[in-house]
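Undergrad: Pasting a structure here, questions to come.
The values are calculated or read from the model by the stated rules, or taken from the named source; none is laboratory data. None of the values given here were measured: they were computed from a predicted structure. Here the Cβ positions follow ideal geometry from the backbone for every residue, glycine too, while neighbour counts run over all protein chains shown.
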Amino acid sequence: MNNAIEIRGLRHAYGSQVIHRGLDLDVPLGRIVGLLGKNGVGKTTLMNILMGFLRPAAGRCLVFGEPSHALSPEIKRRVGLLFEGHLAYDFMTIAQIERFYSRFYPAWNPVRFHDLMERLGLPASHRIRHMSEGQRSQVVLGLLFAQEPDLLLLDDYAMGLDAGYRRLFVDYLADFAREKGRTVFLTSHVIEDMQRLVDDLVLLRKGHDAQKMSLEDFMHRFSCYSIPCQGHEIPARDDVLFNVERAAGERYEVFSFRPGNEVATTLAARGFCLDGLRREPMGIEDAFVGYTGRY
């Protein structure tokens with residue numbers, strides 16, 4: 001088996017609203033994959049299908065070779081889940097929640113849990129309900145890692161976290177995943193974390209097929225050029241001009257997977273003077289906005 005997740009012809013809808021239409025996707029073993037897209041394109045729906053909370057309307061979704069909605073207990077023990085933020089049984093203490101979770105996972109590693117709990121500087125008798133959102137996230141992180149899962153499915157791990165706790169989460173996750181070649185499939189609204197964490201991206205864009213590529217390939221191939229508006233209407237998108245946005249300073253930002261000379265030729269054919277054309281530096285958040293559009 002080369003893939004932790006295999007999706008073929010996946011279709012799902014809520015009434016007449018089709019969310020996924022024939023989605024195909026592989027997540028290879030040992031890769032950290034970020035699922036990116038604007039709100040409403042089906043990220044959480046896909047995560048809920050992978051987690052077994054939804055059954056796809058059509059197609060198949062396999063996790064370690066088994067249908068995601070009917071995983072055996074053996075496979076479930078190999079999958080760590082994070083959904084709906086950093087929820088835990090908040091009436092429990094630190095000691096009680098560790099004791100409760102450990103019974104379900106034969107490979108439970110208490111050292112991982114206690115390492116993170118010691119960083120909190122709180123007694124084992126401290127109740128979770130009295131913790132901040134960041135502290136709760138640390139408890140959840142400890143519970144996830146102590147399970148020693150082969151696959152982590154993380155739906156918006158950054159919810160409610162400040163920069164410090166986010167950095168802790170990302171750094172621990174990266175080290176944990178690469179320690180034994182574990183697989184991670186995750187979403188986050190904090191796009192800049194992806195640049196420090198993921199190997200591959202799955203890009204969802206409304207009305208288009210999902211695109212999967214390595215982070216390195218995406219950042220190398222996808223470029224941004226800006227040019228003065230010069231009184232022209234915003235150029236229409238085509239095979240070269242993947243997306244065009246109006247930017248500050250009476251300029252257009254042109255995003256493209258094509259080489260710069262093709263972008264220049266296309267703009268010149270639309271009547272633009274190329275004197276003010278320049279390539280703009282981009283981080284991953286800039287590239288994400290360029291790919292999906294501002295609005």
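Undergrad: Identify the single condition in (1) more than 20 Å from Ile75 (Cα to Cα); (2) surrounded by 21 or more Cβ atoms within 10 Å (Cβ to Cβ); (3) out of contact with any Gly (no Cβ under 6 Å at 6 or more places or on another chain); (4) of a type outside the set (Lys, Arg) that His20 does not satisfy, given that it satisfies every other one.
TA: For His20, the failing item is (3).
Undergrad: Now for a different question. Which one of these does Val41 not meet: (1) in a helix (DSSP H, G or I); (2) among the β-branched types (Val, Ile, Thr); (3) within 20 Å of the chain's Cα centre (by Cα); (4) farther than 17 Å from Arg8 by Cα?
TA: Of the numbered conditions (1) in a helix (DSSP H, G or I); (2) among the β-branched types (Val, Ile, Thr); (3) within 20 Å of the chain's Cα centre (by Cα); (4) farther than 17 Å from Arg8 by Cα, the odd one out for Val41 is (1).
Undergrad: State whether the residues of the stretch 144-165 include one that is without any contact (Cβ under 8 Å) to a residue 24 or more places away in the chain, over 18 Å from the mean Cα position of the chain (by Cα) and surrounded by fewer than 22 Cβ atoms within 10 Å (Cβ to Cβ).
TA: Checked the stretch 144-165: no residue is without any contact (Cβ under 8 Å) to a residue 24 or more places away in the chain, over 18 Å from the mean Cα position of the chain (by Cα) and surrounded by fewer than 22 Cβ atoms within 10 Å (Cβ to Cβ).
Undergrad: Considering every residue within the stretch 70-86, establish whether at least one is at pLDDT below 90 and either assigned to a helix (DSSP H, G or I) or at positive phi (or both).
TA: Yes, the conditions are met somewhere in the stretch 70-86.
Undergrad: Those residues that are surrounded by 15 or more Cβ atoms within 10 Å (Cβ to Cβ) and either more than 11 Å from Arg258 (Cα to Cα) or out of contact with any Asp or Glu (no Cβ under 6 Å at 6 or more places or on another chain) (or both), I need them from the stretch 229-244; list them, please.
TA: Cys229, Pro235, Leu241, Phe242, Asn243, Val244
Undergrad: Could you grab me the full set of residues in the stretch 276-291 that are charged (D, E, K, R) and at pLDDT 95 or above?
TA: Arg278, Arg279, Glu280
Undergrad: Sticking with this structure for a sec: Give the residue that is nearest to Leu204 (Cα to Cα), with candidates limited to residues of the stretch 265-295 that are crowded, with 17+ Cβ neighbours inside 10 Å, in contact with a helix residue (DSSP H, G or I) (Cβ under 9 Å, 6 or more places away or on another chain) and not aromatic (Phe, Trp, Tyr).
TA: Among residues in the stretch 265-295 that are crowded, with 17+ Cβ neighbours inside 10 Å, in contact with a helix residue (DSSP H, G or I) (Cβ under 9 Å, 6 or more places away or on another chain) and not aromatic (Phe, Trp, Tyr), the one nearest to Leu204 (Cα to Cα) is Ala287.
Undergrad: Please determine, by comparing only the residues of the stretch 255-279 that are part of a strand (DSSP E or B) and more than 25 Å from the chain's Cα centre (by Cα), which one is farthest from Phe222 (Cα to Cα). Let's see the steps before the verdict.
TA: Here is the first cut: in the stretch 255-279, the residues part of a strand (DSSP E or B) are 255-256, 278-279.
Add one more test, that the residue is more than 25 Å from the chain's Cα centre (by Cα), and what stays is 278-279.
Working: Arg278: 15, Arg279: 11 Å.
Looking at residues that are part of a strand (DSSP E or B) and more than 25 Å from the chain's Cα centre (by Cα), I get Arg278.
Undergrad: Could you check the stretch 171-183 and list, in sequence order, the residues that are closer than 19 Å to Met117 by Cβ and surrounded by 12 or more Cβ atoms within 10 Å (Cβ to Cβ)?
TA: Of everything in the stretch 171-183, those that are closer than 19 Å to Met117 by Cβ and surrounded by 12 or more Cβ atoms within 10 Å (Cβ to Cβ) turn out to be Asp171, Tyr172, Leu173, Phe176.
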